[in-house]
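Just so it is clear, none of the values below were taken in a lab; they were calculated from the coordinates. Values in this document were obtained by computation on a predicted structure and should not be read as measured data. Note: ideal-geometry Cβ built from the backbone for every residue, glycine included; neighbour counts use all protein chains shown.
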């Protein structure tokens with residue numbers, strides 16, 4: 001086999017394996033970004049639902065306290081206000097723990113990773129691998145363009161030589 005053809009075949013094999021690695025890394029980046037977005041969306045949805053439920057509970061206890069205060073004028077309303085205050089304190093607690101309560105379990109279920117921080121780390125790693133593959137792909141494209149220009153010039157030169165030979 002011609003050494004030039006063998007080298008071209010090897011270069012083609014290398015380029016094909018790098019195209020495959022490039023596609024895999026781009027897929028991984030897209031998948032992890034999708035999981036991150038889905039986890040944030042679902043976590044926000046669950047947090048919103050919990051906040052609505054807690055708000056209804058706060059309103060219910062405050063309303064019960066107002067009814068007791070107006071109807072009986074007894075200290076029973078104070079207990080209802082205390083319970084309403086406890087439920088009111090759950091709102092900042094839910095917001096503070098939203099990542100541990102909602103986002104991390106969703107990330108864990110969708111990816112097998114333990115937390116949103118691991119997901120961010122894996123996403124950065126995947127983006128780094130994808131950047132390396134993009135750079136390799138651009139060098140391969142430049143190589144193919146160089147080959148194309150070289151063989152185009154050779155074909156033009158051969159065509160001109162054939163025209164000179166048979167044109168006269």
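Determine the shape class of the chain: with a ≥ b ≥ c the square roots of the Cα gyration tensor eigenvalues, call it rounded for a/c under 1.5, and otherwise prolate if a/b is greater than b/c, oblate otherwise. Cα axes put the chain in the prolate bin.
Annotation: the residues 157, 111, sorted from fewest to most other C-beta atoms within 10 Å of their own C-beta, follow the order 157, 111.
Taking other C-beta atoms within 10 angstrom as a stand-in for reagent exposure, 42, 103 fall in the order 42, 103, fewest first. Helix 116-167 axis versus longest C-alpha principal axis of the chain: approximately 20°, rounded to the nearest ten.
Sort 36, 13 so the one with the fewest other Cβ atoms within 10 Å of its own Cβ comes first.
Ascending number of Cβ neighbours within 10 Å: 13, 36.
Could you give the angle, 0 to 90 degrees to the nearest 10, between helix 76-96's Cα long axis and the longest principal axis of the Cα atoms of the chain? Once rounded, the angle reads 10 degrees.
Axis angle, to the nearest 10 degrees, between helix 3-72 and the longest C-alpha principal axis of the chain: 10 degrees. Its relative contact order, with pairs defined as Cα atoms under 8 Å and 6+ residues apart, puts the chain at 31 percent. Considering the zone a paramagnetic label at residue 26 would reach in this model (a point 7 Å from Cα along the Cα-to-Cβ line), which residues of the stretch 84-126 have amide N under 19 Å from it? Correct set: 123-126.
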